Amino acid sequence: MTVSFHKGRLGVRLARTPDDLAACQALRHACFFGAPGVDADAYDPLCQHVMIGGDAGLVGTCRVMVLRDGAALRASYTASAYDLSPLANYARPVMEVGRFCAAPGASADVLRLAWGALTGIVDAEGAGLLIGCSSFPGANPAQHAAALALLGQYHRGPVSQLPGVRAAQVVPLTGPVPDRRAALAGLPPLLRSYLGLGGWVGDHAVIDKVMNTVHVFTALSVDAVPAARARALRALAG
């Protein structure tokens, strides 16, 4: 499939060459680890990689894997941290979105353009559900206690679809939320965007010391996206 469109000075397309993939991996390493390097793993060759860039070069990327059955779901990156068996018989293809990042100082449009690209892929693949791991920077869950409690109280998904525990270090999404507005401000932008489109989270967070993050399972039913938002994203992607 093809994803290619522009918004102002930024263009969006899929990686096509080894050099394209290397650029995505370099940006990911710079964003995730704060230093030059290559962030690569065994999932990269199985994914489509969205590239967002302009005169300053690549400023945003994410990767997408379309999971068409339970076996593919079990082989996904998300399944390495969460037991996804409750989703094994999902009726439509599931689309995993991961490794989203934007260069420091990049325009806020990068996230919106990423959603435009994802909308095009969803439509082309007939996907019914988006899943992934939404990360908080810093592997100490106490730093994110209010935000995690907020997720548990107000944004937990349907019981029948909640992933089970697979990772060694997890924390439940429980606790008080004394200031809901402050807790909401503590959510990463990508996660806030998921929730704003109708997304939900699991019932526990995973501590990932390799990536120095705490992350939560995130899902978004395509049918739950407000019609006006869906039209706007399709218009953005042309």
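The values are calculated or read from the model by the stated rules, or taken from the named source; none is laboratory data. Since the structure is predicted, the reported quantities are computational estimates derived from the model, not experimental observations. Positions of Cβ are backbone-derived with ideal geometry, glycine not excepted, and every protein chain shown enters the neighbour counts. To get the accessible areas, we keep the full protein, side chains included, count just its heavy atoms, and leave off ligands, DNA and RNA. Shrake-Rupley method; radii C 1.70, N 1.55, O 1.52, S 1.80 Å.
Observations, loosely collected:
- Any hit, region 151-160, residues being over 23 Å from Ala108 (Cβ atoms) and open to solvent by less than 40 Å² (accessible area, probe 1.4 Å): yes
- Residue count for region 61-82 satisfying the condition of being over 20 Å from Leu118 (Cα atoms) and open to solvent by less than 30 Å² (accessible area, probe 1.4 Å): 4.
- Scope region 174-198; condition in a loop (DSSP other than H, G, I, E, B) and open to solvent by less than 10 Å² (accessible area, probe 1.4 Å); matching residues: Leu187, Leu197
- First in region 129-151 and under 29 Å from Arg92 (Cβ atoms), second anywhere and of a type in the set (S, T, N, Q) and in a helix (DSSP H, G or I), Cβ under 7 Å, 6 or more apart: Ile131/Thr78; Gly132/Thr78; Cys133/Thr78
- The set of residues from region 85-127 being open to solvent by less than 20 Å² (accessible area, probe 1.4 Å) and more than 16 Å from the chain's Cα centre (by Cα) comprises just one member, Leu87.
- Selection status of Gly238, open to solvent by less than 50 Å² (accessible area, probe 1.4 Å) and either within 16 Å of Ala79 (Cα to Cα) or of a type outside the set (Lys, Arg) (or both): no
- Restricting attention to region 210-230, the residues that are modelled with pLDDT of 95 or more and loosely packed, with under 14 Cβ neighbours inside 10 Å add up to 5.
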